[in-house]
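Trainee: Starting off with a structure, shown below.
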Amino acid sequence: MHQNLTSIVAIDRHGAIGCQNRLPWSIKSDMAFFRRTTMGHTVIMGRKTHDSIGGCLKGRTNLVLSHNAVLFPSTEACRLVNSVAETLAVADAVNCTETFVIGGAATYAEFAPFVDRYLVTMVSHDAPDADAFLSQQIRAEYSQWTASQIAEFPAKPGQDEFAFRIMSFVAPDADERREMRKAIANQFLAKRPNQANKTPKRRGSFDTSSQIAFSF
Ligand SMILES: NC(=O)c1ccc[n+]([C@@H]2O[C@H](COP(=O)([O-])OP(=O)(O)OC[C@H]3O[C@@H](n4cnc5c(N)ncnc54)[C@H](OP(=O)(O)O)[C@@H]3O)[C@@H](O)[C@H]2O)c1
């Protein structure tokens, strides 16, 4: 299966994405967009984002990156992966049309060469004390891609702390990026042929034996 690979991220005016392993804002409408967009698909996240969320996301196949191979026992819904190559191989084998990189900063950077689209929520705010950023290099790169605005929201007390707009950026070399992902996945599987048998199927219902699932 040759899915698209999209990084989905919310940034402030300077690229800030996090503060003390949390989002620096409360924007419910963007959370709803995130949930709608990723539901039923595969999500890739770093271990710190997994900690921040408090577990895996319901209704999605979760791939959690860590160097710790025994961090938690993998289930069909929430799979521990130990490298970018393994993540690409596992994601490639899931029967769904799209895979999303959902953060955080280190994970966006690692997958940047392979991503063929960014969905970026641009928050009209300067987050104080931010300590996690979407790199300047990534922001400069997608700025050159084909851009379109998906939605624009005003601030709304009790709902959306700040105004924001959601942009899509599509890579001009998406086909090459897909081929590169496939080549890396195949190299990984050639070295570890048993891995293909361990790949999760597309999520139908959430496996309740998995970890806590956060509500977005
Ligand atoms: N605004 C947004 O859209 C958004 C979205 C998501 C997250 N965030 C924010 O981003 C921040 C977290 O970002 P972060 O950069 O600190 O952490 P992260 O990317 O979430 O997680 C980093 C961890 O992932 C694992 N990892 C990454 N690459 C790996 C590789 N190639 N092989 C094996 N393991 C790998 C490592 O885990 P181990 O240490 O276990 O080895 C690493 O420490 C938080 O503030 C969070 O709230 C913001």
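Coordinate-derived values only; no laboratory data. Keep in mind that this is a model prediction, so the values were computed, not measured. Heads up, the Cβs are rebuilt from the backbone with ideal geometry, glycines too, and the neighbour counts pull from every protein chain shown.
Trainee: Report, in degrees rounded to the nearest 10, the 0 to 90 angle that the Cα long axis of helix 28-38 makes with the longest principal axis of the chain.
Mentor: The answer is roughly 30 degrees.
Trainee: Also, quick follow-up: Using only the alpha-carbon atoms, what does the chain span along each of its principal axes? Please give whole angstrom values in decreasing order.
Mentor: 50, 39, 29
Trainee: Please list, ordered by chain and number, the residues whose modelled amide H lies under 5 Å from the amide H of Ala132; skip anything fewer than 5 residues away on the same chain.
Mentor: Ile17, Gly18
Trainee: Sticking with this structure for a sec: What is the total of Lys pairs in the chain with C-alpha atoms under 22 Å apart, excluding same-chain pairs fewer than 8 positions apart?
Mentor: Lysine pairs, 8 or more places apart or on different chains, close enough: 10.
Trainee: Follow-up. Using modelled amide H (1.01 Å from N, peptide plane; none on Pro or chain starts), what sits under 5 Å from the amide H of Arg79, excluding residues fewer than 5 places away?
Mentor: Result for Arg79 returns Asn62, Leu63, Val64.
Trainee: Report D for the range 124-194 in µm² per second (integer): Stokes-Einstein, Kirkwood Rh on Cα pairs, 4 °C, 1.567 mPa s. Could you put the intermediate results ahead of the total?
Mentor: Values: Rh = 15.9 Å.
In µm²/s, the coefficient rounds to 81.
Trainee: Related question: One-quarter of the Cα convex hull surface for the range 1-75, in nm²?
Mentor: 6.4 nm²
Trainee: Continuing with this model, one more query. From the phi of every residue in the range 121-133, what ³J(HN,Hα) in whole Hz does the Karplus formula 6.51 cos²θ - 1.76 cosθ + 1.60 yield, where θ is phi - 60° and glycine or proline is x?
Mentor: 8, 9, 8, 7, 6, 10, 5, x, 6, 5, 10, 9, 9
Trainee: Hey, in the GNM for the chain with a 10 angstrom Cα cutoff, which one of Pro113, Pro172, Pro128 fluctuates hardest?
Mentor: Of Pro113, Pro172, Pro128, the most mobile in the Gaussian network model is Pro128.
Trainee: With a cut-off of at most 16 other beta carbons within 10 Å, and DSSP calling the residue loop, which chymotrypsin sites (Phe, Trp or Tyr not before Pro) in the range 12-85 qualify? Please list them.
Mentor: Here no chymotrypsin sites (Phe, Trp or Tyr not before Pro) fit, given the DSSP loop and packing criteria.
Trainee: Please give the helix 84-93 orientation as an angle from the longest Cα principal axis of the chain, in degrees from 0 to 90, rounded to the nearest 10.
Mentor: 80 degrees
Trainee: Share of antiparallel DSSP beta bridges in the chain, in percent to the nearest 5?
Mentor: For the chain, the DSSP antiparallel bridge percentage is about 45.
Trainee: Along the principal axes of its C-alpha atoms, what lengths does the range 36-129 span, in descending order and rounded to whole Å?
Mentor: 38, 28, 27
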